[in-house]
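Please read the structure below before turning to the comments.
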Amino acid sequence: MSTIRSVEELTSGDSLWPTITKWVRQANVTIDVLPRTDSDAEREIAALQVTTRSALGAIVFESGGIMLDHKWLRLLGTGLKDVSPSIGHLNGLLDSSSASLIPGTLVFAWDVLGGIFVINENRLPFRRGNVCYFAPDSLAWMDTQMGHAEFCKWSFTDSLPRFFHHLRWSNWAAQVTTIPADHGLALYPPLFSKEGTQIENAAKKSVPTLDLLRLQIHYGKEVGNFDSIERTC
């Protein structure tokens, strides 16, 4: 049984946060770093049991979350009331009666269309520790073949908009920027359907984060293959 480390132990030594703030300053996409609440930061890092010497621990301890590319991608942090859920909340780490959104993984980011980014633990047939993406258009998993820190650095570059290019429509930035930060867009017809390939014409409705992510998981289980192997990034 592993020893539970204190907040002091988890936050001692050289934090990776200065490196992450450098990535933010040099980013090729828009960045919004949400403020943290001290008590929430301590609660989340203690629940997560990762150190601030890692990108994951530094982001969780030092921010409420990070929104990238006009709020298209959201990296989870300590959370911010009515703005962003916390990483502990989505992964069932704060309450023994709460279940993880996707057991066997750590959900750490999501995109505005309900795509889910996780760190693989023991659920998926990919390398442990790799970042994997559940895509709303294929309803299958992709292995990015990147660890968490590498993925975060990648997401601050113009590789991010290139990755999502096929899922965007003519006025996407104006629409995504105006929806609440704790909401995403549910599309109808859904992206995975034949009719949904015409994304420009799809109806786009703002819905709460958890509702959207649970809907995508439901689609994956009922229509797609929730454990399928897909292409790499």
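Structure above, values below:
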read-out	value
Test: residue in region 134-144 that is under 17 Å from Gln49 (Cα atoms), touching a residue at least 12 places away in the same chain (Cβ under 8 Å), surrounded by fewer than 22 Cβ atoms within 10 Å (Cβ to Cβ) and not charged (D, E, K, R)	no
Where Ser96 falls short, out of the listed (1) closer than 24 Å to Asp40 by Cα; (2) surrounded by fewer than 23 Cβ atoms within 10 Å (Cβ to Cβ); (3) out of contact with any Gly (no Cβ under 8 Å at 6 or more places or on another chain); (4) at pLDDT 90 or above	(4)
Residue check for Asp111: buried (at least 18 other Cβ atoms within 10 Å of the Cβ), on the phi < 0 side of the Ramachandran plot and either among the polar types (S, T, N, Q) or out of contact with any helix residue (DSSP H, G or I) (no Cβ under 6 Å at 6 or more places or on another chain) (or both)	yes
Ala181 touching a helix residue (DSSP H, G or I) at 6+ places or on another chain (Cβ under 8 Å) and surrounded by 16 or more Cβ atoms within 10 Å (Cβ to Cβ)	no
Some residue of region 140-149 being of a type outside the set (Ser, Thr, Tyr), within 14 Å of the chain's Cα centre (by Cα), in a helix (DSSP H, G or I) and modelled with pLDDT of 95 or more	yes
Any hit, region 82-90, residues being over 15 Å from Trp110 (Cβ atoms), exposed (fewer than 15 other Cβ atoms within 10 Å of the Cβ) and either touching a residue at least 24 places away in the same chain (Cβ under 8 Å) or touching a Ser or Thr at 6+ places or on another chain (Cβ under 9 Å) (or both)	yes
Among residues of region 189-210, those that are touching a residue at least 12 places away in the same chain (Cβ under 8 Å) and among the acidic types (Asp, Glu), counted	1
Index of the failed condition, Ile119 passing every other in (1) assigned to a helix (DSSP H, G or I); (2) in contact with a helix residue (DSSP H, G or I) (Cβ under 6 Å, 6 or more places away or on another chain)	(1)
Single condition Ser86 does not satisfy, out of (1) under 19 Å from Ile31 (Cα atoms); (2) out of contact with any strand residue (DSSP E or B) (no Cβ under 9 Å at 6 or more places or on another chain); (3) of a type outside the set (Lys, Arg)	(2)
Yes/no for Asp40 being at positive phi and surrounded by 18 or more Cβ atoms within 10 Å (Cβ to Cβ)	no
Matching option when the condition is assigned to a loop (DSSP other than H, G, I, E, B), modelled with pLDDT under 95, among the aliphatic types (A, V, I, L, M) and over 18 Å from Asp32 (Cβ atoms), among Leu113, Leu210, Leu124	Leu124
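To keep it simple, each residue is scored yes or no on (1) in contact with a helix residue (DSSP H, G or I) (Cβ under 8 Å, 6 or more places away or on another chain); (2) acidic (Asp, Glu); (3) modelled with pLDDT under 95.
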residue	(1), (2), (3)
Ser39	no, no, yes
Gln49	yes, no, no
Leu68	yes, no, no
Leu73	yes, no, no
Asp82	no, yes, yes
Ser86	yes, no, yes
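The values are calculated or read from the model by the stated rules, or taken from the named source; none is laboratory data. Source: prediction; values computed, not measured. In this analysis, Cβ positions are derived from the backbone assuming ideal geometry, glycine residues included, and neighbour counts consider all displayed protein chains.
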